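Student: Could you have a look at this structure, given as structure tokens, before my questions?
The values are calculated or read from the model by the stated rules, or taken from the named source; none is laboratory data. Keep in mind the model is a prediction, meaning the values are calculated, not measured. For neighbour counting, all protein chains shown are included, and Cβ atoms are generated from backbone atoms with ideal geometry for every residue, glycine included.
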Amino acid sequence: MTVFAGVDVGSMSAEAVLMKDDSIIAHSTIVVKPNPVVSARLVIESVLSQAGLDPADIAFCVSTGYGREKIPFAHRNVSEISCHGKGAYWANPAVRTIIDVGGQDSKIIRVDGQGHLTDFVMNDKCSAGTGRFLESIAKILGIRIGELGDLALKGEDPVPIASICTVFTQFDVMCFLADGRTVEDVCLGISQALAGRIKRLGSKVGLEGAVCITGGVAKNLAVVSAIEKALDRKVAEISVDPQIVGALGAALIAGESYSGQIADEGNV
Amino acid sequence: MILGCDIGTSVTKSVLLVDGDLKLVSKIPTRADPNRALQLILKELLEKEGVRKADLRRIVVTGWGREKVSFSCSKHSTMNCLARSAICHLPSCRTVLCLGAQESLVMSVNEKGRVLEYGMNDKCASGAGRFLEIIFDALEITVEESAEIARASDRKLTMGNQCAVFAESEVVCLVNEGESVANIIRAIFQSLARNVAALTKRIRTRDDFVISGGIAANGLIVALLEDILGRRLHVFSPQPDFMAAIGAALIGSEAP
């Protein structure tokens, strides 16, 4: 039995995927600990116990995400850009553009008809347009980040967010609340503001073919709908939980790396 | 008697001008509600100074919150108030820097206190006072003690992040790695000073410089900024954050 593992340790969550015969046999997501190594251990233990496997059963493991270089049990580390491209293409071969809204950055990744990375653009300088933006606003509203989407779906008249900066938007939100605007309208306005940042990022690289969204934010239906509106196109569905796409891509690359290794050994 | 109020995004400052004599009245948090802030000031004026609203010849408001004020009062732009105040403080002033909670402003003025040119950053918190507040909260220190702590710095660090939100996480990481709070604060001050210095390049600046706003009370930041700019900065007195409020009162006293 040849099992491949992918581990994606991000700034807010960590995911692990186990694959066998080009199918996902288990996947897991946890909230990160301050130390990426601890997060990686916890998430891999969780996914192994789900599958009823031991660490020794993993033939090859690839790590990705911001803590990827520090993971001791990974055989190789690969950038999250390659992993998201790989994972999304596997989950929907029609996909050519991937929007990944991460906890601490946002990226737009382009792949070709074979799923190979062709171009990407990333914002990791400014928290506007990232998961941290939503988290910071949720904090001001006194809600959990997971509640923001549902509340936004009930919004009727979105508040206009004029600021770009996360910090200034927090202040704008306080003003809207002081003016008597509802939390629902604020959440809707915030979703649109995030979509506006994504649109701007997309204009730098161009959006082609089917577009999908990966990362935890893809589960926020209000944000997805705001992005669809801002980009004036439907977002393509993918066959897996959008949050595990990075780890899935890492597991796929683990499979390829393992095959490459076997081939190399065969040549010696 | 004229009341000058500067309703800032973070703090509302008010001064009373009585027959040409200035008196700083109060500094209260705005809490995103300009009308409430103004009412609190009037209440304080009555309780502390025995001044009733009817005793005031005029109320002049400026700052971010002025447009939201529903009272009858005169309203003047922050830039005009700052310029008026700067010239009164230092007649040779030709460049005004104002470092507030949510914006940094640089402007050149003529001898009459007219604004000739200006540059403003109100898009990103990285050069503003809120940036410092966020970092100080993360380090659990106060604004007042920050400069003193930073003076003990023994090593130059460079912050990797400009974004206030990311810098906050970076600061937490640095603390966890055992870096001294003094070195971290100094690096933060340096980063802020660099951003402000970059802003001044947007316009033609001339001596003398007057610096105001809450951040100007921080002697170390002012010194770092003087180093980068290679110029002397005159800190507005008696208190750098009252410059716009004083300007509002001065403008109010000149109107018929």
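Student: Quick check: anything in segment B:69-76 part of a loop (DSSP other than H, G, I, E, B), closer than 27 Å to A:Asp172 by Cα and within 14 Å of another protein chain (Cβ to nearest Cβ)?
Tutor: Yes, there is a match, as at least one residue in segment B:69-76 is part of a loop (DSSP other than H, G, I, E, B), closer than 27 Å to A:Asp172 by Cα and within 14 Å of another protein chain (Cβ to nearest Cβ).
Student: Here's something else I'd like to know. Return yes or no: is B:Gly4 of a type in the set (Gly, Ala, Ser) and surrounded by fewer than 19 Cβ atoms within 10 Å (Cβ to Cβ)?
Tutor: Taking the combined requirement at face value, the residue does not satisfy it.
Student: I'd like the residue in segment A:144-177 that is among the acidic types (Asp, Glu) and surrounded by fewer than 17 Cβ atoms within 10 Å (Cβ to Cβ) and, out of all such residues, is farthest from B:Gly8 (Cα to Cα).
Tutor: It comes out as A:Asp150.
Student: Can we say B:Leu116 is without any contact (Cβ under 8 Å) to a residue 40 or more places away in the chain and part of a strand (DSSP E or B)?
Tutor: Yes; evaluated as a whole, the condition is true for this residue.
Student: I need the full set of residues from segment B:1-53 which are among the basic types (Lys, Arg) and touching a residue at least 40 places away in the same chain (Cβ under 8 Å), in order please.
Tutor: Result: B:Lys13, B:Lys27.
Student: Exactly one of these conditions fails for B:Cys81: (1) over 27 Å from B:Gly247 (Cβ atoms); (2) under 16 Å from the mean Cα position of the chain (by Cα). Give me its number.
Tutor: Condition not satisfied by B:Cys81: (1).
Student: Could you tell me whether A:Thr2 is surrounded by fewer than 22 Cβ atoms within 10 Å (Cβ to Cβ), among the β-branched types (Val, Ile, Thr) and closer than 18 Å to A:Val240 by Cα?
Tutor: No: the conditions fail for A:Thr2.
Student: Within segment A:132-145, can you find the residues that are in contact with a helix residue (DSSP H, G or I) (Cβ under 6 Å, 6 or more places away or on another chain), away from chain B (no Cβ under 11 Å) and either assigned to a loop (DSSP other than H, G, I, E, B) or modelled with pLDDT under 95 (or both)?
Tutor: If the condition is that a residue be in contact with a helix residue (DSSP H, G or I) (Cβ under 6 Å, 6 or more places away or on another chain), away from chain B (no Cβ under 11 Å) and either assigned to a loop (DSSP other than H, G, I, E, B) or modelled with pLDDT under 95 (or both), then A:Ile145 is the only one that fits.
Student: Is it the case that some residue within segment B:161-169 is in contact with a helix residue (DSSP H, G or I) (Cβ under 8 Å, 6 or more places away or on another chain), more than 19 Å from A:Ile164 (Cα to Cα) and not β-branched (Val, Ile, Thr)?
Tutor: no
Student: Only one of (1) more than 14 Å from every other protein chain (Cβ to nearest Cβ); (2) assigned to a helix (DSSP H, G or I) fails for A:Met174. Which number is that?
Tutor: (1)
Student: Could you tell me which residue of segment B:119-139 is nearest to B:Ile185 (Cα to Cα), considering only residues that are in contact with a strand residue (DSSP E or B) (Cβ under 8 Å, 6 or more places away or on another chain) and more than 11 Å from chain A (Cβ to nearest Cβ)?
Tutor: This residue is B:Met120.
Student: Exactly one of (1) surrounded by fewer than 17 Cβ atoms within 10 Å (Cβ to Cβ); (2) assigned to a helix (DSSP H, G or I); (3) without any contact (Cβ under 8 Å) to a residue 12 or more places away in the chain is unmet by A:Gly180. Its number?
Tutor: The single condition A:Gly180 does not satisfy is (2).
Student: Going by the structure shown, is A:Asp124 surrounded by fewer than 23 Cβ atoms within 10 Å (Cβ to Cβ), over 24 Å from A:Phe4 (Cβ atoms), within 14 Å of chain B (Cβ to nearest Cβ) and of a type in the set (Asp, Glu)?
Tutor: So A:Asp124 passes the test.
Student: Given the conditions (1) within 19 Å of the chain's Cα centre (by Cα); (2) within 14 Å of chain A (Cβ to nearest Cβ); (3) among the β-branched types (Val, Ile, Thr), report the number of the one that B:Thr142 does not fulfil.
Tutor: (2)
Student: Ok, one more. Would you be able to say whether some residue in segment A:79-98 is part of a loop (DSSP other than H, G, I, E, B), modelled with pLDDT of 95 or more and in contact with a helix residue (DSSP H, G or I) (Cβ under 6 Å, 6 or more places away or on another chain)?
Tutor: No, there is no match, as no residue in segment A:79-98 is part of a loop (DSSP other than H, G, I, E, B), modelled with pLDDT of 95 or more and in contact with a helix residue (DSSP H, G or I) (Cβ under 6 Å, 6 or more places away or on another chain).
Student: Could you check, for segment B:180-190, whether at least one of its residues is within 14 Å of chain A (Cβ to nearest Cβ), aromatic (Phe, Trp, Tyr) and free of Cβ contacts under 8 Å to residues at least 60 places away in the same chain?
Tutor: No; the residues of segment B:180-190 include none that is within 14 Å of chain A (Cβ to nearest Cβ), aromatic (Phe, Trp, Tyr) and free of Cβ contacts under 8 Å to residues at least 60 places away in the same chain.
Student: Now for a different question. For segment B:1-67, which fully contained strands (runs of 3 or more DSSP E) count at least 1 residues that are farther than 25 Å from B:Cys88 by Cα?
Tutor: By residue number, B:21-29.
Student: Which residue pairs have Cβ atoms under 6 Å apart, sit 6 or more places apart or on different chains, and have a first residue in segment B:63-88 that is in contact (Cβ under 8 Å) with a residue 24 or more places away in the chain and a second that is of a type in the set (D, E, K, R) and surrounded by fewer than 23 Cβ atoms within 10 Å (Cβ to Cβ)?
Tutor: B:Arg66/B:Lys75
Student: Moving to a separate point now. Give segment B:207-220 a look and list any residue that's of a type outside the set (A, V, I, L, M, F, W, C) and surrounded by 15 or more Cβ atoms within 10 Å (Cβ to Cβ), or say none.
Tutor: B:Asp208, B:Ser212, B:Gly213, B:Gly214, B:Asn218 - these are the residues of segment B:207-220 that are of a type outside the set (A, V, I, L, M, F, W, C) and surrounded by 15 or more Cβ atoms within 10 Å (Cβ to Cβ).
Student: So for segment A:245-261 (the condition being in the same structural domain as A:Leu18 (by TED's automatic domain parsing), closer than 30 Å to A:Glu184 by Cβ and not basic (Lys, Arg)), does at least one residue qualify?
Tutor: Taking every residue of segment A:245-261 in turn, at least one turns out to be in the same structural domain as A:Leu18 (by TED's automatic domain parsing), closer than 30 Å to A:Glu184 by Cβ and not basic (Lys, Arg).
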